[in-house]
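Following: one structure in structure tokens, then a few remarks.
The values are calculated or read from the model by the stated rules, or taken from the named source; none is laboratory data. Here the structure is a predicted model, which means the values were calculated and not measured. Virtual Cβ from ideal backbone geometry, glycine too; neighbours counted across all protein chains shown.
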């Protein structure tokens with residue numbers, strides 16, 4: 001006697017179920033990839049803004065050491081750009097600081113300098129660096 005096996009192939013329900021599971025898994029992977037790329041891009045933007053702020057601050061330190069007469073006459077700089085950093089702009093704020101422990105003495109000058117870098121990708125973001133300068137008299 002010959003036995004016949006029934007249900008040798010996949011049924012339509014099993015096929016639809018396995019396709020659904022596959023779509024869910026692939027959807028999750030795609031979502032993770034998109035978020036990963038976004039985080040990487042945001043990190044790159046922040047790193048580039050930090051580099052610009054560091055360059056501006058280094059230029060100010062060099063100016064204070066090499067041409068102090070010009071440096072101590074500085075005023076706030078707004079909406080400055082650097083051609084190597086397209087899409088980024090920076091502001092430099094100078095605040096006179098008198099009467100603090102480090103800035104006591106006849107003819108002593110002190111500045112609190114803040115460099116703020118702004119950029120826009122999806123939304124406007126900024127990063128700031130600050131430094132205290134004293135003329136050493």
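Quick notes on this structure:
- Residue that is nearest to the chain's Cα centre (by Cα) [pool: residues in segment 54-81 that are in a loop (DSSP other than H, G, I, E, B) and surrounded by 14 or more Cβ atoms within 10 Å (Cβ to Cβ)]: 74
- With respect to the stated conditions, residue 54 fails to be under 30 Å from residue 112 (Cβ atoms) and at pLDDT below 85.
- Qualifying residue in segment 8-20 (condition: modelled with pLDDT of 90 or more, out of contact with any strand residue (DSSP E or B) (no Cβ under 8 Å at 6 or more places or on another chain) and not in a helix (DSSP H, G or I)): no
- Single residue of segment 85-137 satisfying the filter (surrounded by 13 or more Cβ atoms within 10 Å (Cβ to Cβ) and assigned to a loop (DSSP other than H, G, I, E, B)) that is modelled with the highest pLDDT: 85
- Taking every residue in segment 55-79 that is touching a residue at least 12 places away in the same chain (Cβ under 8 Å) and at positive phi and pairing it with any residue that is surrounded by 13 or more Cβ atoms within 10 Å (Cβ to Cβ) and part of a helix (DSSP H, G or I), at least 6 positions away or on another chain, yields no pair with a Cβ-Cβ distance below 8 Å.
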